[in-house]
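What follows is a short report on a single structure.
Every number in this text was worked out from the coordinates using simple rules, so none of it is lab data. On a predicted model such as this, the values are computed, not experimentally measured, just so you know. Don't worry about glycine lacking a Cβ; one is built from the backbone with ideal geometry, like all the others, and counts go over all protein chains shown.
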Amino acid sequence: MSGSFAEIHLGALRENLLQVRSQTGTAPILAVVKANAYGHGAVRVAQFLEQCQPKVDFFGVAFLEEGIALRTAGIQNPILVLTGCPMDEISDLIQYDLTPVIFDVDTLAAINTQAAKRGKIIKIHLKIDTGMSRLGILPDDFFTFLEKAASYEMITIEGLLSHFAEADLRDLAFTQTQLNTMNTILGQLAQKGIRLPYYHLANSAAILHFKPSTLSLIRPGLMLYGYSPLKEKTDIPLRPVMQIRARVLALKNVSKGTSISYGRTFITKGDSRIATVAIGYADGYPLSLSNTGIMIAKGKRVPVIGRVCMDMCMLDVTTVRDLSVGDWVTVFGEDGPESIWADQLAQWANTHPYELLCGIGTRVQRRYIQP
Ligand SMILES: Cc1ncc(COP(=O)(O)O)c(C=O)c1O
C-alpha cells in the first residue's frame, strides 16, 4: 500500500512540448530531464518524449549516472551531460555514448586518449561562461581553448553553449549582455570560417520571452513540466504534468484547545475534525508548509495544521463531509472544482516550483497516465 502517489499526465507533457515548438519555430529541442526529469521520472519521460511529435532531438542530464540510466532503458537520442566529465568517468561516458559538456582543458587530452584506444570519435559541446559564473570557459580564454580542442583528432566539437542567470526577470538587460557575449564569439567564429552544428543558450524563460536567444538549439526544462519560470504572467498555456494524492490514515474529532503535531504550534479554535494524511517532508512536502499549506479533500480546500512531520501531516477537515480513512486527498493538482498547483505551493513555501518538483521523494509512487 502506498501512502501517496503522483499522477504523471503524459498528455500534458506533449501539450507543453507543442507550446515549446510553437514558440521556437524549427530549432532542434534538447529536453532537460536531469534530476529525474524534475521529479517526473526521467526514464518514462524520455521514453515518451522520444516517441513524440514534434520531435525531441537531444536529452540533457546533469550527471553521468543519469545518462547511463537513460541508455540502459533504451533511449537512442543523443544525451548531453551538462556538468562536464570528471576524469574517472570518461570510460563510461564513451561506453554509453554520452556527449559531455566541456570547460576544462585537461579533460580534452584524457578524452582524446581514451577515445583513441577505442577507435571512437567523441562529440563534445564547449561551454562558455557568459555571466552565470558557474561552469564555463571565460570568454577571453575561449579561442585558446577552442584551438586546443580542435587539435585533438578523436574529438569533434559539435556545439557551443552558455546558460542564462536571470532570464526569468522582466528586465532582460543582463540576459541581453550574456547573449551579446555569445553572439560576439559566434561572429568571431564565422569570421574564421568555423560553423558548428549547434549553438545553444535558451532555457524555458528565454523560450517564453526572449526569442533572440533561440540560436540553433533550445533547452527547455521547467516549461515541459507545465510551469513558467517568469516573474510576469505569460499567455502561453502550459499544463502541469504532475498531480499528487495522499491517503487519509486517520480521522478524529477533537475538542477546542487541542494541540496538533510536534511543537504544539497549532491549537484548535473550536471542536474540529482532523485528518492525518500520508505525506511529509521525507516525500518532499516542505516543512515550511506547516500551518501554511492547503490541500484539497473531496473537492474542498483544507488547511495543513501543525508542523509537517517526516511521513505525515494533519489537515483540518471539519467542513468536509464524507471523508473516510483510506480516501485520497489532493496535495497538488485538480480535485472537483478546486485546483492547487506546484507553483502556488512553492510560493507558500517560499521556494520555486523547480525545488518543489525535484524534491518529490522516491516513496511517492509515480503512475503514468497515457494521453
Ligand atoms: C544548463 C541548463 N540548461 C537548461 C536548463 C533548463 O532550464 P529551465 O528548467 O529553466 O528551462 C537548465 C536547468 O537548470 C540547465 O542547468
Next item on the list: Could you pull out every residue, at least 5 positions away or on a different chain, whose amide H is within less than 5 Å of the one on Leu135? Hs are placed 1.01 Å off N in the peptide plane, and Pro or chain starts have none.
Entry: none
Check: So which lysines pass the test for Lys256, namely a Cα distance under 29 Å, with those fewer than 8 places away in the same chain ruled out?
Finding: Lys269, Lys298, Lys300
Item checked: Whole-angstrom gap from the stretch 332-371 to the stretch 282-317, using each part's C-alpha centre -> 13 Å
Notebook entry, point to check: Using alpha carbons only, how many degrees (0 to 90, rounded to 10) separate the axis of helix 10-24 from the longest principal axis of the chain?
Noted result: 40 degrees
Check: Expressed as an acute angle from 0 to 90° and rounded to the nearest 10, what is the orientation of the C-alpha long axis of helix 173-191 relative to the principal long axis of the chain?
Finding: 30 degrees
Next item on the list: Pull up the cross-link candidates among the aspartates and glutamates for Lys231, meaning alpha carbon to alpha carbon under 13 Å and not fewer than 8 places away within one chain.
Entry: Glu166, Asp168, Asp171, Asp343
Next item on the list: Give the long-range amide H neighbours of Cys52: residues separated by 5 or more places, or on another chain, with amide H under 5 Å away, using H modelled in the peptide plane at 1.01 Å from N.
Entry: none
Notebook entry, point to check: What are the residues whose amide H is under 5 Å from the amide H of Val308, where those residues sit 5 or more places off or on another chain and H is modelled from the backbone?
Noted result: Ser290, Asn291
Margin query: In whole Hz and in residue order, list the ³J(HN,Hα) couplings for the stretch 260-265 that follow from phi through the Karplus curve 6.51 cos²θ - 1.76 cosθ + 1.60, θ = phi - 60°; x for Gly and Pro.
Written below: 10, 6, 3, x, 6, 7
Notebook entry, point to check: Whole-Hz Karplus ³J(HN,Hα) for the stretch 125-139, in order, using 6.51 cos²θ - 1.76 cosθ + 1.60 and θ = phi - 60°, x for Gly and Pro?
Noted result: 10, 9, 10, 10, 8, 9, x, 8, 6, 10, 10, x, 7, 5, x
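Within 10 Å, count the other beta carbons around each residue, average over each peptide in 79-85, 221-227, and list them highest first.
Averaged packing, sorted descending, gives the order 221-227, 79-85.
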Next item on the list: Mind pulling the angle between the C-alpha long axis of helix 105-118 and the longest principal axis of the chain? Nearest 10 degrees, somewhere in 0 to 90.
Entry: 80 degrees
